[in-house]
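To start, the structure under review is shown below, and the notes come after it.
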There are 2 protein chains.
Amino acid sequence: MDVRTLCLGILTLGDASGYEIRKMFADDAIGEVFDANFGSIYPALNRLTEEGLVVCTAQAQEGRPDKKVYSITAEGRTLFTHELMKVPARDRFRSEFFVTLLFADLLPGDRVGDLIDGRIAHHQQEVARLEALARQESAGALNTPFMVGFGLAHHRLAVSYLTENRHLLENAGSPVAQIAE
Amino acid sequence: MDVRTLCLGILTLGDASGYEIRKMFADDAIGEVFDANFGSIYPALNRLTEEGLVVCTAQAQEGRPDKKVYSITAEGRTLFTHELMKVPARDRFRSEFFVTLLFADLLPGDRVGDLIDGRIAHHQQEVARLEALARQESAGALNTPFMVGFGLAHHRLAVSYLTENRHLLENAGSPVAQIAE
DNA sequence: CTTGTCATATGTCGGAAGGATATAGTGTGC
DNA sequence: GCACACTATATCCTTCCGACATATGACAAG
């Protein structure tokens, strides 16, 4: 499942421009489970257009630059449905934050605490953002209670895990603490 | 932080071959927070060797093919420490499974349940695997209680979240359920 | 009035890497 | 002897990530 397929999926829910699609990944709950940015979205949309899976209509706007709105074709819908029936590939995850924590004993003593504090704050911001999203009446078709709830559970776990387990790391590089052990 | 940096980090903990490094990503807790496979590990090691950040020693083995063991240089250590002090980039996550669930209403009625069942089973296997890892006396330097605990928390959350919230999806495509609503 | 910032828009480039594939050696089971 | 699994190294091609570029329009600050 590539970004092209994701764009098809999003367009099954309604027409959108490249910029709007990218905003969905950035702001909506779909961004909790899939990441895509301009560098892949625009080439994907261009390719889909060439392949007749979407059609593109240029629109002028007032107070804003012109935009290109993409609509899915019947062929595009068929392909997306077919892709959806495939066995999902395994998840992919990379976190530089956690890799850094893995080598916490190489960091200066207060660096680990700072990193963890900053990270907890980030997750709390995300919780607040998703809670606000959940409260919206017209949150958008991508922000189902299931998806928003998953994002919330995910960020809340991170906060609680870091809070409860930071003690395992925070004295790791401290010679005084190691002498005490 | 790229795979090259990750290889350097792993080699600070001891010499290893490309295959062993890849096995760490596949089997150890580091694989819960960073994904790398042959396609990126070997080019990374070759590049690190060219740049003098690691040195490579070919070793013959009994009962197995020969292997190339990589050792980090002092220059490599310095670079890794320097990289570790950088602000970690944001996490990257993609899950075809959850994307598929996002379009659950396009799936046949029992497909969603099958996907969720299979997914829960997968997470439970991972929990069992990590629990066994946590019980090992010599689990390896990469399998710290913090990292293993994070992986366990993560998979356990997935199981409980899917179990408790699958009802939001499983009647999604059912006309009978929608009439009842 | 000018400059800077932000949001809305589209787009591209170069390097990294993901998945699949290839090859080789060794051992085990049928 | 063949198939399979594990240990090993390696590569290829497609995708995409992060940074960057450009344009339009609105707004704020000096």
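The single residue among A:F97, A:F150 that is within 7 Å of chain B (Cβ to nearest Cβ), part of a helix (DSSP H, G or I) and free of Cβ contacts under 8 Å to residues at least 60 places away in the same chain turns out to be A:F97.
Meeting the requirement of 1 or more residues that are away from DNA strand D (no atom under 11 Å from the Cβ), among the small types (G, A, S) and touching a strand residue (DSSP E or B) at 6+ places or on another chain (Cβ under 7 Å), the helices (runs of 4 or more DSSP H) wholly within region A:28-94 are A:74-84.
Answer with yes or no whether B:L45 is among the hydrophobic types (A, V, I, L, M, F, W, C) and more than 10 Å from chain A (Cβ to nearest Cβ). Criteria met by B:L45. Among the residues in region B:28-45, are any outside the structural domain of B:Y161 (by TED's automatic domain parsing), hydroxyl-bearing (S, T, Y) and either within 14 Å of DNA strand C (Cβ to nearest atom) or at pLDDT 95 or above (or both)? The answer is yes, given that some residue of region B:28-45 is outside the structural domain of B:Y161 (by TED's automatic domain parsing), hydroxyl-bearing (S, T, Y) and either within 14 Å of DNA strand C (Cβ to nearest atom) or at pLDDT 95 or above (or both). Restricting region B:101-115 to residues that are closer than 25 Å to A:G31 by Cβ and of a type in the set (D, E, K, R) leaves a set whose member that is farthest from the other protein chains (Cβ to nearest Cβ) is B:D105. Once region A:127-147 is narrowed to residues that are in contact with an Asp or Glu (Cβ under 9 Å, 6 or more places away or on another chain), away from chain B (no Cβ under 11 Å) and not in a helix (DSSP H, G or I), the residue that is modelled with the highest pLDDT is A:G140.
Assessment of region A:77-88 against the conditions (within 14 Å of chain B (Cβ to nearest Cβ), within 8 Å of DNA strand C (Cβ to nearest atom) and closer than 30 Å to B:E126 by Cα) yields no matching residue. Cβ-Cβ distances below 7 Å connect the following pairs, each with a first residue in region A:30-55 that is on the phi < 0 side of the Ramachandran plot and without any contact (Cβ under 8 Å) to a residue 40 or more places away in the chain, a second residue that is assigned to a loop (DSSP other than H, G, I, E, B) and open to solvent by less than 70 Å² (accessible area, probe 1.4 Å), and a separation of six or more residues or different chains: A:F34/B:S95; A:V55/A:T73. A:E62 - would you say it is at the interface with another protein chain (Cβ under 10 Å from one of its Cβ atoms) and open to solvent by 10 Å² or more (accessible area, probe 1.4 Å)? Taking the combined requirement at face value, the residue does not satisfy it.
Test A:T78 against the stated conditions and say whether it is open to solvent by 60 Å² or more (accessible area, probe 1.4 Å), free of Cβ contacts under 8 Å to residues at least 40 places away in the same chain and β-branched (V, I, T). Judged against the criteria, A:T78 is a match. Of the residues making up region A:3-20, those that are open to solvent by less than 60 Å² (accessible area, probe 1.4 Å), within 14 Å of DNA strand D (Cβ to nearest atom) and within 14 Å of chain B (Cβ to nearest Cβ) number 7. May I ask you to verify whether A:G173 is farther than 18 Å from B:L162 by Cα, at pLDDT below 90 and open to solvent by 30 Å² or more (accessible area, probe 1.4 Å)? Against the criterion (farther than 18 Å from B:L162 by Cα, at pLDDT below 90 and open to solvent by 30 Å² or more (accessible area, probe 1.4 Å)), A:G173 qualifies.
The values are calculated or read from the model by the stated rules, or taken from the named source; none is laboratory data. No experiment lies behind these values; they were computed from the predicted model shown. Glycine also receives a Cβ, built like all others from the backbone with ideal geometry; neighbour counts cover every protein chain displayed. Side chains included, ligands, DNA and RNA excluded: accessible areas come from the protein's heavy atoms. Shrake-Rupley method; radii C 1.70, N 1.55, O 1.52, S 1.80 Å.
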